[in-house]
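Trainee: Here's a structure for you.
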Amino acid sequence: MSFDKSSYFWKPGVDYRAHPEHYRVGKGEQGVLICEPYKSEIGINWRFKTKAIALESAQKIFAQFLSYLDKDEFVGADMARKYLQMGYTRARRYANYRGGRKYDPAKDYAQFEFGTGEEEKAEAAKIFHGFWKQAEATEKYAALKKSWKQNRG
């Protein structure tokens, strides 16, 4: 696999609160594990081991999302939205594949058998999906995102 770090928008070491002009919305969850201080602020609440833990996690992250919106802090709101999306995608991965592993490195990265995961993770995924879609449907967020993408990418 080849990856060109120099062309990747998100850079470690950048304080995206102090320098929001460096932030790009990107696709899906891009940048979610790099953008500080949001990674540390939001990531500490990101959990999906059980349905109850996922509910508490998604509620906390959604509250952070709303708090960032209240402060017109689009980057924080977008990062919180990405964590909600990532809660969904990661929980689904664990629901679909035992141990959350999709590919077997011992067998030239052949795909593991689908449907061997945990049902509880499917429930966790549903919770995150609901909060993720609620965040995306928030009018203020949608307007800020549209403006941000038009002006900054």
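Trainee: Give a quick list of GluC sites (Glu not before Pro) in the range 83-143 that DSSP marks as loop, anything other than H, G, I, E or B, with at most 13 other Cβ atoms within 10 Å.
Mentor: Qualifying residues, ordered by number: Glu113.
Trainee: Please arrange Met79, Met86 by how many other C-beta atoms lie within 10 Å of their C-beta, fewest to most.
Mentor: Taking fewest neighbouring Cβ atoms as first place, the list is Met86, Met79.
Trainee: Based on other C-beta atoms within 10 Å, arrange Asp78, Asp72, Asp108 from fewest to most.
Mentor: Ordered by Cβ neighbours within 10 Å, fewest first: Asp108, Asp72, Asp78.
Trainee: If you don't mind, another one. Which of Tyr103, Tyr38, Tyr141 comes first, and how do the rest follow, when ranked by fewest Cβ neighbours within 10 Å?
Mentor: Fewest to most other Cβ atoms nearby, the residues stand as Tyr103, Tyr141, Tyr38.
Trainee: For the range 7-95, what is the relative contact order in percent, using Cα pairs closer than 8 Å and at least 6 residues apart in sequence?
Mentor: Answer for the range 7-95 is 29 percent.
Trainee: Roughly what angle does helix 74-96 make with the longest principal axis of the chain, taking Cα atoms, 0 to 90 degrees, to the nearest 10?
Mentor: Orientation of helix 74-96: about 10 degrees from the principal axis.
Trainee: Most mobile of Gly31, Gly99, Gly87 per a Gaussian network model of the chain (Cα springs, under 10 Å)?
Mentor: Sorting by GNM fluctuation, first place goes to Gly99.
Trainee: If you don't mind, another one. How tilted is helix 119-137 with respect to the longest principal axis of the chain? Cα atoms for both, answer in degrees (0 to 90, nearest 10).
Mentor: 20 degrees
Trainee: Cross-chain or 8 or more residues apart, Cα under 17 Å: how many lysine pairs in the range 52-153 fit that? Count them up, please.
Mentor: Taking the range 52-153 as the scope, the lysine pair count is 16.
Every number here is computed from the coordinates shown, using simple stated rules; none is lab data. Remember, it's a predicted structure, so these values are computed and weren't measured experimentally. Virtual Cβ from ideal backbone geometry, glycine too; neighbours counted across all protein chains shown.
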